[in-house]
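*Asks:* This is the structure I want to talk about, given as C-alpha cells.
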Amino acid sequence: MKFQRSRFLKPGNLLLIGSGLLLAGVALLSLKWRMVHDAPIMMYLAYIIDRFGMLPYRDFIDSNLPGTYLFFLIIGKLFGYSDLGFRLVDLLVLVLVLYGVYLWLRPFGERTGITAALIYGFFYLGDGQILSLQREQLVAFLIILALNVSTFSFNKRVRLAAMGFVFGLAAMIKPQSVIGLPLLLAYEYWQGFPTSVPVGNFSRIKEWFRLILWCGVGFAIPIALFCGYLVLSGTAGDFIDLVKNYWGLYYLVTGDFQTVTPAERTSYLLERYLTFGGQIIWLAPAIYGVFLVWFKSDLAVSLKRRSLLILSLALVYSLYPVSTGMFWRYHWLPFAFCIIQAGCLVLIEQSRVRFRWERLLPVGLLIFAVIFRIRLPGEFLQQVKGESIPPPKAGRVDAIAAFLTNHLEPGDLVQPLDGTGGAVHAMLISKARLATPTVYDFHFYHHLENPYIQRLKREFLTALRKTPPRFIVEIDPDKPYPIGSAATREFPELRQYLSSFYSIAEVGEGYFIYERLAGQ
C-alpha cells in the first residue's frame, strides 16, 4: 500500500497551523499588555457610573453613546476595572470575531475562512495596545454577528428582527456603523427572488416593505431603550444640548486638531479619504477574489452574491472615517475588517483554470498585501526578547496614580486638565472621584466665540468653586490642543483660579499636580 501523505503535512496547511500557533502566542503574551490611549478613559467613565452613580451627559460631559458605557460597565462588573480584566475581554471579543469570520467564509472553503480569520487577527493585534478594544472592534463584532445571523434558517421575520437589533446595538456605540445595514437588506432581497421575477412585480415591492418593517422593529428596540433611559434618568435635555450645540463644532476639528471652515473641511475629507488609511493594497485581491468567485468557480449563485456583499460592505465602510473626519487608524478598522475578508476570496477552489499563473497570481496578490500590511506588534517583539514593555505615557500614568493613591483621603475630589495624556488613566488606577462634569478640557480651546463653548467654560469655573477638588492634575504640553484661527492654548480665568487657590504639589515629566491651599 502506497504511503498517503497526510493533508495536514501539505505546505499550505503547515503554514496555516504555524500562523495559528504564532497568533495564539501573540494573544497569550498580550495578557501582559496594558490599557492605553482612550480605553482607560472609557473604563474610568464606566467606573464612576458604577462606583459613584454618576450619569453621562449630566454628571460628566462626554460624546459617547450608552452602548459604550454599558459595554465597559459590563467589563468592570464581571472582570474588574483592571488591565488583566480588560485584556481578557479584548481577547474574548477577538476570538468571537475570528470565529464569526470563519463561519461566514467557510462556505467558500475551509482554507478561505481560516486564512481570513488569521490575517485579521494579526492585523488587529499588530498595532499592539493602542488598538485594543477600540469601539470600532465592537462594531466589527456586531457586523460579523449580523452577517452570520442572516444565514440562519429559522423564521425569516425573527431573523430580520435579529439583524436589525444587532445593528441597533451598533448604532448605540457608533451611529455611523449602520451604513452597512442597507446592503445587508439588499442582499436579503436579492436572495429572496429568482431572476425570472420582473423588477416591477408587486410581490417584489411587498418584499421590500416586509424587509424594512421587520428589520426596523429589531433596530428600534435598542434605540427605544436608549431613549427610555434618557427620559427616566432625567438626562434627555443634557444629551440633546450636547448633540445640538457641540457635535457640529467638533466635526469642524480635523484629526490633526486643526479648526477648519465647512469649505475647508470638504477638501480635507476628500484628501484623507483617498488615502484609504493605507489599506488600499487589499483592494486588488478583493476585486480579483470576487471575479474568481463569479467567473472561475462552480460555487452556488447564493455564494456569488455573498461575495459581492462582502466587497460592497468593504467599499461602504471605507466611508466610515468620513463621518468622524478624524481618520485615525482605528477609524479604518471596519473597512480593513471587510476588505481583508474579500481579499481572502482569492483562495477559493478554481474549476476553470487553463494556465498555472491563473492559480498563482491571486494568491500572490494576497501574499503581497500581507507582507506589506501585516506586522507583529512591537510589544510582542519586546517580550520575546525578554525586554519590558514601556509603561503608559512613559511612566507618567503610574507616577500620577502613585501620588494620588498615597495622598487621597475619603471624600477627596480630583480634577483632570487633560485629553488622553494619562491623567484620567491615573484617576482610574487610584480610584479617584471626578470633581466636575469636565472629563477632558479639549473643548475649552476651540471655537472660542461660540456661545456654547463660552458657557462650558463658565460652568466649569462655577463647578470648581462649588466643589473645589483637593487635587488638579494638568497634563502639559503633551495633550492635544486645538490649532487654528478659532483656537487657543490660553484660559486666563482658569490660571487666575489656580494661582489664587492652589499650589503646586508635584511636578513630573509632562504633568503638574496642584493641591488646594489650606483653608480654601
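*Asks:* Among the candidates 509, 490, single out the residue that is open to solvent by 80 Å² or more (accessible area, probe 1.4 Å), at pLDDT below 95, farther than 22 Å from residue 400 by Cβ and not aliphatic (A, V, I, L, M).
*Replies:* So the residue among 509, 490 that is open to solvent by 80 Å² or more (accessible area, probe 1.4 Å), at pLDDT below 95, farther than 22 Å from residue 400 by Cβ and not aliphatic (A, V, I, L, M) is 490.
*Asks:* State all residues of the range 123-140 that are surrounded by fewer than 20 Cβ atoms within 10 Å (Cβ to Cβ) and either among the hydrophobic types (A, V, I, L, M, F, W, C) or without any contact (Cβ under 8 Å) to a residue 60 or more places away in the chain (or both); if no residue qualifies, say none.
*Replies:* Residue satisfying the conditions is 130 alone.
*Asks:* Right, something else. Out of all the residues in the range 292-301, is one or more without any contact (Cβ under 8 Å) to a residue 24 or more places away in the chain, closer than 26 Å to residue 188 by Cβ and assigned to a helix (DSSP H, G or I)?
*Replies:* yes
*Asks:* I would also like to ask the following. Which ones in the range 148-166 are in a helix (DSSP H, G or I) and either open to solvent by 10 Å² or more (accessible area, probe 1.4 Å) or of a type in the set (Val, Ile, Thr) (or both)?
*Replies:* 148, 149, 156, 157, 158, 159, 161, 162, 165, 166, listed by residue number.
*Asks:* Among the numbered conditions (1) among the hydroxyl-bearing types (Ser, Thr, Tyr); (2) within 27 Å of residue 444 (Cα to Cα); (3) touching a residue at least 40 places away in the same chain (Cβ under 8 Å), tell me where residue 19 comes up short.
*Replies:* (2)
*Asks:* Right, something else. Across the range 321-335, which residue is farthest from the chain's Cα centre (by Cα) among those that are among the hydrophobic types (A, V, I, L, M, F, W, C) and under 17 Å from residue 144 (Cα atoms)? Let's see the steps before the verdict.
*Replies:* So the first thing to find is which residues in the range 321-335 are among the hydrophobic types (A, V, I, L, M, F, W, C), and the list is 322, 326-328, 332-333, 335.
Next, from what is left, pick out any that are under 17 Å from residue 144 (Cα atoms): 332-333, 335.
Values: 332: 9, 333: 7, 335: 12 Å.
Restricting to residues being among the hydrophobic types (A, V, I, L, M, F, W, C) and under 17 Å from residue 144 (Cα atoms), the top hit is 335.
*Asks:* Just give me the residues in the range 441-485 being of a type in the set (A, V, I, L, M) and either open to solvent by less than 30 Å² (accessible area, probe 1.4 Å) or within 14 Å of residue 498 (Cβ to Cβ) (or both), in sequence order.
*Replies:* Narrowing the range 441-485 to residues of a type in the set (A, V, I, L, M): 448, 453, 456, 461, 463-464, 472-473, 475, 483.
Result: 453, 456, 461, 463, 464, 472, 473, 475.
*Asks:* Hey, among 309, 345, 365, which residue is of a type in the set (A, V, I, L, M), open to solvent by 20 Å² or more (accessible area, probe 1.4 Å), farther than 30 Å from residue 257 by Cβ and in contact (Cβ under 8 Å) with a residue 24 or more places away in the chain? Full working, then the answer.
*Replies:* Numbers: 309 fails: open to solvent by 20 Å² or more (accessible area, probe 1.4 Å); 345 fails: open to solvent by 20 Å² or more (accessible area, probe 1.4 Å).
Within the list 309, 345, 365, the selection yields 365.
*Asks:* Residue 169: buried (at least 20 other Cβ atoms within 10 Å of the Cβ) and not in a helix (DSSP H, G or I), yes or no?
*Replies:* Values: buried (at least 20 other Cβ atoms within 10 Å of the Cβ): yes; not in a helix (DSSP H, G or I): no.
Here the answer is no, as residue 169 does not meet what is asked.
Residue-by-condition table, conditions (1) under 26 Å from the mean Cα position of the chain (by Cα); (2) not hydroxyl-bearing (Ser, Thr, Tyr):
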site: 261; (1), (2): no, no
site: 267; (1), (2): yes, no
site: 271; (1), (2): yes, yes
site: 307; (1), (2): yes, no
site: 314; (1), (2): yes, yes
site: 319; (1), (2): yes, yes
site: 337; (1), (2): yes, yes
site: 340; (1), (2): yes, yes
site: 350; (1), (2): no, yes
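*Asks:* Then there's this: Based on what the data block shows, is residue 69 within 30 Å of residue 240 (Cα to Cα), of a type in the set (Ser, Thr, Tyr), open to solvent by less than 50 Å² (accessible area, probe 1.4 Å) and in contact with a strand residue (DSSP E or B) (Cβ under 8 Å, 6 or more places away or on another chain)?
*Replies:* Considered against the rule, which asks whether it is within 30 Å of residue 240 (Cα to Cα), of a type in the set (Ser, Thr, Tyr), open to solvent by less than 50 Å² (accessible area, probe 1.4 Å) and in contact with a strand residue (DSSP E or B) (Cβ under 8 Å, 6 or more places away or on another chain), residue 69 comes out as yes.
*Asks:* OK, next. Any residue at all in the range 24-45 that's surrounded by fewer than 18 Cβ atoms within 10 Å (Cβ to Cβ), touching a residue at least 60 places away in the same chain (Cβ under 8 Å) and within 15 Å of residue 428 (Cα to Cα)?
*Replies:* no
The values are calculated or read from the model by the stated rules, or taken from the named source; none is laboratory data. Please read these numbers as outputs of a predicted model, since none were measured by experiment. No Cβ is skipped: glycine too gets one built from the backbone with ideal geometry, and neighbour counts run over all protein chains shown. To get the accessible areas, we keep the full protein, side chains included, count just its heavy atoms, and leave off ligands, DNA and RNA. Shrake-Rupley method; radii C 1.70, N 1.55, O 1.52, S 1.80 Å.
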